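S.K.: For reference, the structure I am asking about is given below.
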Amino acid sequence: MRTYFIIIVSLISLSSCVVTKNPVNPGLINQVSKDSRGNDMLLGKCTRASLLQAPFADWFKPNYDSYAVDSFTCNFIRPLLNGKSITIFLGTWCGDSKREVPRILKMLDCCGFSEKNLTLVMVSNQDTLYKKSPQHEEAGKNIVRVPTIIIEQKGIEVGRIIEFPKVSLEKDMLSILRNENYLPNYHTLKTDAR
């Protein structure tokens, strides 16, 4: 009986001391490096909060605040985003990313899209890592231009917006979510084969 009691106490003690490992190394999130011009840039997976820090907030906040979301179209987008995840590949050194990413995030906010389903991956403009991230999240994703906004359902790509929308962010997103044979700017054979 005493052995049984010791085993139970040991199991309870061990279960209360279980350490949960964080699958993402905190040192690999929100990495700041220098771009090819010597300016700060973010690299790899980053949180949205990193874009609200200097010097990135200098372009993020004005572009976010000044964008007028097409809330009418967002009413149609909102239910179609259920079960979707979005990954945005961008460069904090890239003019198109600086313009479009704050806008897409404001549109997603209007649609009530959960940040837990959103991944931001910052790519480099340095020769050795051009349009790549340190952890190579872009591998196999055919990232040629940034920003590239990839919409997925259950790990399968349903569409992407490349560099800038063809009509508007809202209308392009709605077209993708309605499966209306949307072809992004700069489409390639790989993105056409969906």
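The values are calculated or read from the model by the stated rules, or taken from the named source; none is laboratory data. Note that the coordinates shown come from a computational prediction; the quantities given were computed from them, not determined experimentally. Here the Cβ is made from the backbone with ideal geometry for all residues, glycine too, and neighbour counts use every protein chain on show.
S.K.: Any idea which residue in segment 35-46 is modelled with the highest pLDDT, counting only those that are surrounded by fewer than 13 Cβ atoms within 10 Å (Cβ to Cβ) and within 17 Å of residue 98 (Cα to Cα)?
M.R.: 39
S.K.: What are the residues in segment 155-189 that are in a helix (DSSP H, G or I), of a type outside the set (Asp, Glu) and in contact with a strand residue (DSSP E or B) (Cβ under 6 Å, 6 or more places away or on another chain), if any? If you could, list the steps in order and put the result at the bottom.
M.R.: Going residue by residue through segment 155-189, those that are in a helix (DSSP H, G or I) are 169-177, 189.
Of the ones still in play, those that are also of a type outside the set (Asp, Glu) are 169, 171, 173-177, 189.
Scanning segment 155-189 gives a single hit, 176.
S.K.: With a cut-off of at least 3 residues that are out of contact with any strand residue (DSSP E or B) (no Cβ under 7 Å at 6 or more places or on another chain), at pLDDT 95 or above and closer than 21 Å to residue 178 by Cα, name the helices (runs of 4 or more DSSP H) lying wholly within segment 52-150. Write out each step before concluding.
M.R.: On the way: elements: 57-66, 71-80, 95-110.
In segment 52-150, 71-80, 95-110 are the helices (runs of 4 or more DSSP H) which contain 3 or more residues that are out of contact with any strand residue (DSSP E or B) (no Cβ under 7 Å at 6 or more places or on another chain), at pLDDT 95 or above and closer than 21 Å to residue 178 by Cα.
S.K.: Hey, any hits in segment 83-105 for a residue that's over 19 Å from residue 39 (Cα atoms), in contact with a helix residue (DSSP H, G or I) (Cβ under 7 Å, 6 or more places away or on another chain), hydroxyl-bearing (Ser, Thr, Tyr) and in contact (Cβ under 8 Å) with a residue 40 or more places away in the chain?
M.R.: The answer is yes; a qualifying residue exists.
S.K.: Considering only residues of segment 127-154 that are touching a residue at least 60 places away in the same chain (Cβ under 8 Å) and more than 20 Å from residue 46 (Cα to Cα), which is surrounded by the most Cβ atoms within 10 Å (Cβ to Cβ)?
M.R.: The residue in question is 153.
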